[in-house]
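Novice: Would you mind keeping the following structure in view while I ask a few things?
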Amino acid sequence: MKMPAGSWDQFDDYVIDFAIDRKRRSERIAIVTLVQIEGSSPRPLGAQMAVSETGRWTGYLSGGCIERAVVTEAIAAIQDGENRRVRYGRGSKYFDIQLPCGSAIELVFDVGIADEDLVAIDSRLHRRLPAMMHVPSLAGDETETLTRIYAPRTRLIIAGIGPSAVQLSRLGLLTGFEVVLYSPDRETREEVLKTPGVEVVPIPSAASLPVIHADRHTAVAVMFHDHEWETNLLPLILETDAFYVGAMGSRKTHQRRLDILARFGVEKEKLGRIRGPAGLFESGKSASSIALSILAEIMQANVGATAGAGLLTDGSEASALPLWEPANQPLPVGCLSRDGTVTL
């Protein structure tokens, strides 16, 4: 993820924008993908790094113990102009690089990915559409490719006023979310604008609301102390595909909120989508603790949204590929598949 000052987050989960930037500077790059795990790994199948021939890089494939070695290997692959598959940990030729618990991983170094493929992935994700990358397997069959699936970055929409909304916008950004604040309050907007990277949208009045686009990769937190704003906003939000809708306040406030919305004709099933009081724990009294509580609940809901989507292996200890039944199981973000037919 490109940072405000023009630098890059070294340990980002998304590396495609870095690769595009380096290529536009006429630098050769390698995309390194985790394609096999034996034992345990802090990173999932499909995790990636992007490495420039200059030695600059982004992404991570471990807890920090192999990244420098990966950069060295990637530069060698770039200089040779050939893709390669390298094993680290148990059974590796690099016996001096050990992984925790005697585990092992295998990485594919792809130095031939086309510029247009990178741009196509990035373009689709910016339009909040899923994308895929074909990764050479290099496991024996030279024609076999794996498919790395990408989903849009999780978006956090905050509609509200006050310090809790400000703190949640900051925490959301640090978590790696795409953050948008909708607020009628000038002071709240100005405070959030001090944190580069958050999109800020004014709300003119409760009767003149902007259109809020929330797809299935979006969480919405409503943080008002005035029922008038909630009464107008929540029915619109409940019509979206947001995986999380939370509203701040006490239990008594939440019940009053539900009663008001019911009188306005909001269906009971839709009212049941509202997390209220928003937050994983209710003891928070400061703006920071309230924001942290809501963020924790969003993270929990995000995991729950892909429940049952764990990797399905062939039963052996070492499995290079998850075996998918697309009709029955959703595909988790960042995993590898033999084809790109699964819809996110």
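Novice: Select from the range 104-117 the residues that are touching a Lys or Arg at 6+ places or on another chain (Cβ under 8 Å) and crowded, with 17+ Cβ neighbours inside 10 Å and write down the one among them that is nearest to V71 (Cα to Cα).
Specialist: F109
Novice: So T143 fits all but one of (1) in a loop (DSSP other than H, G, I, E, B); (2) among the polar types (S, T, N, Q); (3) modelled with pLDDT of 95 or more; what number is the exception?
Specialist: Result: T143 passes all but (3).
Novice: Which condition number in (1) modelled with pLDDT under 95; (2) touching a helix residue (DSSP H, G or I) at 6+ places or on another chain (Cβ under 6 Å) is the one that R28 fails?
Specialist: Failed condition: (1).
Novice: From the list L209, L146, pick out the single residue that is in the same structural domain as R87 (by TED's automatic domain parsing) and buried (at least 16 other Cβ atoms within 10 Å of the Cβ).
Specialist: Of the residues listed, the single one that is in the same structural domain as R87 (by TED's automatic domain parsing) and buried (at least 16 other Cβ atoms within 10 Å of the Cβ) is L146.
Novice: Give the number of residues within the range 13-38 that are hydrophobic (A, V, I, L, M, F, W, C), assigned to a strand (DSSP E or B) and over 13 Å from I113 (Cα atoms).
Specialist: Residues flagged as hydrophobic (A, V, I, L, M, F, W, C), assigned to a strand (DSSP E or B) and over 13 Å from I113 (Cα atoms) within the range 13-38 amount to 3.
Novice: Here's a follow-up. So L171 fits all but one of (1) assigned to a helix (DSSP H, G or I); (2) buried (at least 20 other Cβ atoms within 10 Å of the Cβ); (3) touching a residue at least 60 places away in the same chain (Cβ under 8 Å); what number is the exception?
Specialist: (2)
Novice: Inspect all residues belonging to the range 38-60 and state whether any of them is without any contact (Cβ under 8 Å) to a residue 12 or more places away in the chain and either at positive phi or not hydroxyl-bearing (S, T, Y) (or both).
Specialist: So far as the range 38-60 goes, no, none of its residues is without any contact (Cβ under 8 Å) to a residue 12 or more places away in the chain and either at positive phi or not hydroxyl-bearing (S, T, Y) (or both).
Novice: What is the number of the single condition among (1) in contact with a Ser or Thr (Cβ under 8 Å, 6 or more places away or on another chain); (2) assigned to a loop (DSSP other than H, G, I, E, B) that V179 does not meet?
Specialist: Condition (2) is where V179 drops out.
Novice: Next question, about the same structure. Go through the range 48-71 residue by residue and tally those that are in contact with a Leu (Cβ under 8 Å, 6 or more places away or on another chain) and assigned to a loop (DSSP other than H, G, I, E, B).
Specialist: 4
Novice: If you don't mind, there's one more thing I want to ask. Restricting attention to the range 69-81, does a residue exist that is crowded, with 18+ Cβ neighbours inside 10 Å and either in contact with a Cys (Cβ under 6 Å, 6 or more places away or on another chain) or polar (S, T, N, Q) (or both)?
Specialist: No, because not a single residue in the range 69-81 is crowded, with 18+ Cβ neighbours inside 10 Å and either in contact with a Cys (Cβ under 6 Å, 6 or more places away or on another chain) or polar (S, T, N, Q) (or both).
Novice: Please pick out the residue among I260, I294 that is surrounded by 18 or more Cβ atoms within 10 Å (Cβ to Cβ) and not small (G, A, S).
Specialist: Among I260, I294, only I294 is surrounded by 18 or more Cβ atoms within 10 Å (Cβ to Cβ) and not small (G, A, S).
Novice: Within the bounds of the range 183-198, is there any residue that is farther than 26 Å from A19 by Cβ, out of contact with any Asp or Glu (no Cβ under 9 Å at 6 or more places or on another chain) and assigned by TED's automatic domain parsing to the domain that holds E67?
Specialist: No; the residues of the range 183-198 include none that is farther than 26 Å from A19 by Cβ, out of contact with any Asp or Glu (no Cβ under 9 Å at 6 or more places or on another chain) and assigned by TED's automatic domain parsing to the domain that holds E67.
The values are calculated or read from the model by the stated rules, or taken from the named source; none is laboratory data. Computed from a prediction, not measured in an experiment: that's the story for all the values here. Don't worry about glycine lacking a Cβ; one is built from the backbone with ideal geometry, like all the others, and counts go over all protein chains shown.
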